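Chemist: First the structure, then my questions, so here it is.
The values are calculated or read from the model by the stated rules, or taken from the named source; none is laboratory data. Computed from a prediction, not measured in an experiment: that's the story for all the values here. Every residue, glycine among them, receives a Cβ derived from its backbone with ideal geometry; neighbour counts consider all protein chains shown. For the accessible areas, the whole protein counts, side chains as well, though only heavy atoms, and no ligand, DNA or RNA atoms are used. Shrake-Rupley method; radii C 1.70, N 1.55, O 1.52, S 1.80 Å.
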Amino acid sequence: MKNRVIRGIPVSPSIAIGKVFLYSPKDITFKRIKKKGSVDEEICKFEKSRRKSLRQLRALKSELKKLPTKEPVRLIDIQILFLQDPLLLNSVEKRIRNNKEAAAEAILNLLESLKRDFQEIPDSYISERYLDVKDVGDRLLKNLGEDEIEMELKGHNNIVVAERLSPTETAQMSVDKVSGIVTERGGKTSHIAIIAEALNIPAVVGVNGLLNETESGDEIIVDGISGIVVVNPDENTKRTFEQKEKEAERIQKEFLKHKDLPATTIDGYSIDICANIELPMELGFIKKYGAKGVGLLRTEFLYLTSESIPDEDEQYRFYSEIARVCSPDYAIIRTLDLGGDKVFKTKTKEEANPFLGWRGIRFSISNNEIFRTQLRAILKASSKGNIRLLIPMVSQVEEMIEVRKIVKDIMKELKKEGHPFDENIEIGAMVEVPSVCLLADHFAKVVDFFSIGTNDLTQYTLAVDRGNKRVSGLYDHLDPSVLKLMRVTVEHAHHNNKWVGVCGGIAADIVAVPVLIGLEVDELSLPPSFIPQVKNVIRGLSLKEARELLTQAEKMRSATEVREFLKGELLKRFPSLKNILLEVEK
Amino acid sequence: MYQKKTKIKNSLGIHARPASMIVKLASKFESKVELEKDNIDVNAKSIMGVLMLASEKGQEIVVRACGEDEKEAVKAIVELIEKRKFDEE
């Protein structure tokens, strides 16, 4: 289809136009097995492919050993064992000898039967290992050299299109040949953002329906600024985006020059701009993009990349390092927010409504041991710099009271053990559930600050799962109802002398900047690479006009109206943003 | 032949990483090494086999070896499971 426009979540702000490279197509099918040889020839072919695969995996393993996390190495390790598994090797040989199958057929058929075997295992953690076997199988098939699908990246300007990309896969891509990444799955899969950012290429994730709309070789536009992907663009669209690409590059450079200027409006209203980060390797981005400390440190990766629960020491070391790098600015550490879209690798029971279920603080309070370990590590690290504590998925005042009790208890423990810590550590609540906004007056008595997570707040207010393509069009954090909830929160918080930050996707949306200033929030926290452009907008606004824009926006009846209105107003003030804000009609 | 009963003690059971550890360890010995759970025997040098046992915490398994270094093999694997708990805790 010509000029197909699909929307996703932008994770690295630049633009590229290139050819689709479909990574790991759903099924490698054999249009033609070149020539079936004799039994011995087929066995020899298989053995050659196996040895080649082993060599590749071992090389990859030594490459991955350089990464700070151990998990990718373990994944490769298990694949190496599969390639040496006597049972599996025997089955392939039997199929070739007794059933007279070609090497490729034998591998495909064996994969089919293993798939059934794995499906029978009730423990989902083990049954998912089929994916590793499948990976090995695909590699063997590739190395047989008989499939007609080109798996190697050729030439330049490849846009890698995939359902999802693991850190291992992303690490395997040859840097000089990839000019963009688009994935169907993934919300805040930060490793893609990190790698894309490090390589300075655009990336868009969570693009629903992507794989059904694209084929290898299609022309594709990736706009990592607005999160738009255009498949097979017409000449007109292509020209527009080529221009946007040039213009965006120029503007980003310009913005980056001013990254260290304070985020202060024309009339002297200042706000802190901090970074959202998750991985140790992102620490460098804080300075690079001019962030003032870390406004949101997600800690889920600690739990998701290792098979066992990370111990206190491991966490303590990581949090201390963050505190040290941010100092004298603060780092806000959010406790474990598992559940919902994230999956805990241990066997937790499936829930019918995970987003309304056992996640965030609800999970932590009932998993005392895990929670206390994390709190102890955070408190101990608070002696190394300026650390604040943030609690996710709060919906009831009692939860914050309980958290305070546990923290107090741990402080007593640490005192007895003689560990130093910050006795006045600030404890805040994430504002993600509308009940917290409406009862902010009560919450303000038991928290030191609020941090509004607009992604979940929007989901819960509009009852829209943004990962569900049938309804994701209804999702927009500029919905007037969301703005009103934010207003209530800020008013109550300030009335009680508590400060409010915003750490959701809205903070990186430049169209939304005027209303966030108008709300007079005290801090914005966003993915580092978006910071320069947001700062630039703030420095060109006045608090007075931002307040007026907010008042008008709140009177509107839909997010579409608000967005159009704000975009128009922004362009009046910043004509140079025209190309960055440009979108194509659906 | 030499064999010994043991119990899975680490909290996640024999998932991917412990399975890899067993296979790597078993492969260091000359003897044929097997694991048995609920009357099912698997080759301890096969990652596929060990994963298919799907052993969880608290379950009993038998470690069996046959060959010149059978005693050492069984002892090493039982120690990995019981004492070292796959170096998890």
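Chemist: Just how many % of Cα pairs in region A:430-505 lie over 20 Å apart, if you round to the nearest whole percent? Present the calculation step by step, with values, prior to reporting the outcome.
Modeler: Numbers: 795 of 2850 pairs.
Result: 28 percent of Cα pairs exceed 20 Å.
Chemist: While we're on this one: Determine the distance separating the Cα centre of region A:372-444 from the Cα centre of region B:5-76; give it in Å without decimals.
Modeler: Taking the Cα centre of each part, region A:372-444 and region B:5-76 sit 44 Å apart.
Chemist: Enter the angle in degrees (range 0 to 90, nearest 10) between the Cα long axis of helix B:16-26 and the first principal axis of the Cα atoms of chain B, meaning the one along which they spread out most.
Modeler: Around 20 degrees separate the two axes.
Chemist: Under the √(5λ) rule applied to the eigenvalues of the Cα gyration tensor, what semi-axes describe the equivalent ellipsoid of region A:84-136? Give them in Å, descending.
Modeler: Values: eigenvalues 101, 20, 18 Å².
Listed largest to smallest, the semi-axes of region A:84-136 are 22, 10, 9 Å.
Chemist: Over region A:259-582, what is the relative contact order in percent, taking alpha-carbon pairs closer than 8 angstrom and at least six residues apart?
Modeler: Details: 596 pairs, mean separation 63.0, N = 324.
Taking the mean separation of contacting Cα pairs over the length of region A:259-582, I get 19 percent.
Chemist: Return the percentage of antiparallel bridges among DSSP beta bridges fully within the protein assembly as shown, rounded to the nearest 5 %.
Modeler: On the way: 32 of 70 bridges.
Beta bridges within the protein assembly as shown, antiparallel portion: roughly 45 percent.
Chemist: Give me the percent of Cα-Cα pairs in chain A that sit more than 41 Å apart, rounded to a whole number. Walk me through the numbers on the way to the answer.
Modeler: Values: 49413 of 171405 pairs.
Everything past 41 Å amounts to 29 percent.
Chemist: Enter the angle in degrees (range 0 to 90, nearest 10) between the Cα long axis of helix A:130-144 and the first principal axis of the Cα atoms of chain A, meaning the one along which they spread out most.
Modeler: Result, in degrees: 50.
Chemist: For A:Q84 and B:N39, what does the FRET efficiency come to when R0 = 41 Å and r is the distance between their Cβ atoms, rounded to the nearest 0.05? Please list the in-between numbers first.
Modeler: Values: r = 27 Å, r/R0 = 0.66.
Computed FRET efficiency for A:Q84 and B:N39: 0.90.
Chemist: How many nm is it between the label spots at A:E41 and A:T264, if each spot is 7 Å from the Cα in line with the beta carbon?
Modeler: It is 8.0 nm.
Chemist: How do A:H495, A:H156, B:H15 stack up against each other in accessible area, from largest to smallest, with a 1.4 angstrom probe?
Modeler: On the way: A:H495 145, A:H156 115, B:H15 0 Å².
Descending order: A:H495, A:H156, B:H15.
Chemist: Buried accessible area for the A:B pair, summed, 1.4 Å probe, in Å² rounded to 100?
Modeler: On the way: alone 26810 and 5180 Å², together 30180 Å².
Counting protein atoms only, the buried area is about 1800 Å².
Chemist: If the viscosity is 0.692 mPa s and the temperature 37 °C, what Stokes-Einstein diffusion coefficient in µm²/s follows for region A:204-313 when Rh is the Kirkwood radius over Cα pairs? Intermediate results must be reported in sequence, preceding the final value.
Modeler: Numbers: Rh = 18.0 Å.
Value of D from the Cα-based Kirkwood radius: 182 µm²/s.
Chemist: Could you tell me what percent of the accessible area of region B:2-87 is made up of carbon and sulfur, with a 1.4 Å probe and every protein chain present?
Modeler: Details: 1730 of 3960 Å².
About 44 percent, which is the carbon plus sulfur part of the accessible surface.
Chemist: Something else about it: Write down the accessible area per residue of region A:353-485 in Å², having rolled a 1.4 Å probe over the full set of protein chains. Walk me through the intermediate numbers first.
Modeler: Working: 5620 Å² over 133 residues.
About 42 Å² of surface per residue is accessible.
Chemist: Over the Cα atoms of region A:398-438, Rg to Rh with Kirkwood Rh, two decimal places? Please list the in-between numbers first.
Modeler: Working: Rg = 13.4 Å, Rh = 11.9 Å.
When Rh is taken as the Kirkwood radius, the ratio is 1.12.
Chemist: Please list the equivalent ellipsoid semi-axes of region A:39-144, computed as the square roots of five times the alpha-carbon gyration tensor eigenvalues, in descending order and whole angstrom.
Modeler: Details: eigenvalues 123, 70, 15 Å².
Listed largest to smallest, the semi-axes of region A:39-144 are 25, 19, 9 Å.
Chemist: Something else: Using only the Cα atoms of chain B, what do you get for the radius of gyration and for Dmax, in Å?
Modeler: My reading of the Cα-based Rg and Dmax gives 11.3, 33 Å.
Chemist: Roll a 1.4 Å probe over the protein heavy atoms and report the accessible area of A:I159 in Å², nearest 10.
Modeler: Surface open to solvent at A:I159 totals about 0 Å².
Chemist: Also, quick follow-up: Within 10 Å of each Cβ in B:13-20, how many Cβ atoms from other chains are there, averaged over the peptide?
Modeler: Values: counts 5, 2, 10, 12, 9, 1, 4, 6.
Per residue, the number of nearby Cβ atoms from other chains is 6 on average.
Chemist: Pop out the ³J(HN,Hα) list for region A:89-94 in order, Karplus 6.51 cos²θ - 1.76 cosθ + 1.60 with θ = phi - 60°, rounded to Hz; leave Gly and Pro as x.
Modeler: These are the phi-based 3J(HN,Hα) values: 4, 4, 4, 4, 4, 4 Hz.
Chemist: Starting from the Cα of A:R4, step 7 Å along the direction of its Cβ; do the same at A:K544; then give the gap between the two resulting points in nm.
Modeler: Between A:R4 and A:K544, the simple spin-label model gives 5.1 nm.
Chemist: Let me ask something additional. In nm, to one decimal, how far is the modelled label at B:M1 from the one at B:K75, with both set 7 Å along Cα→Cβ?
Modeler: Computed distance between label sites B:M1 and B:K75 equals 2.2 nm.
Chemist: Using r as the Cβ-Cβ distance of A:L474 and A:K238, and R0 as 22 Å, what FRET efficiency do you calculate, to the nearest 0.05?
Modeler: 0.15
Chemist: Which of A:S395, A:V229, A:V537 sits farthest toward the positive end of the charge dipole of the protein assembly as shown, with +1 on the Cβ of Lys and Arg and -1 on the Cβ of Asp and Glu?
Modeler: Positive-end residue among those listed: A:V229.
Chemist: Return a whole-number percent for the relative contact order of chain A, with Cα pairs under 8 Å and 6 or more residues apart as the contact set.
Modeler: Numbers: 1049 pairs, mean separation 89.3, N = 586.
About 15 percent, as a whole number.
Chemist: Any of A:K48/A:K134; A:K94/B:K28; A:K65/B:K32; A:K100/B:K32 with alpha carbons more than 21 Å apart? Name them for me. Could the numbers behind the result be given before it?
Modeler: Details: A:K48/A:K134 19 Å; A:K94/B:K28 26 Å; A:K65/B:K32 32 Å; A:K100/B:K32 30 Å.
As for pairs spanning more than 21 Å Cα to Cα, those are A:K94/B:K28; A:K65/B:K32; A:K100/B:K32.
Chemist: Also, I was wondering about something else. Taking chain A as the reference, fit the longest principal axis to its C-alpha atoms, fit the long axis of helix A:397-417 to the helix C-alpha atoms, and give the angle between the two in degrees, 0 to 90, nearest 10.
Modeler: The answer is roughly 80 degrees.
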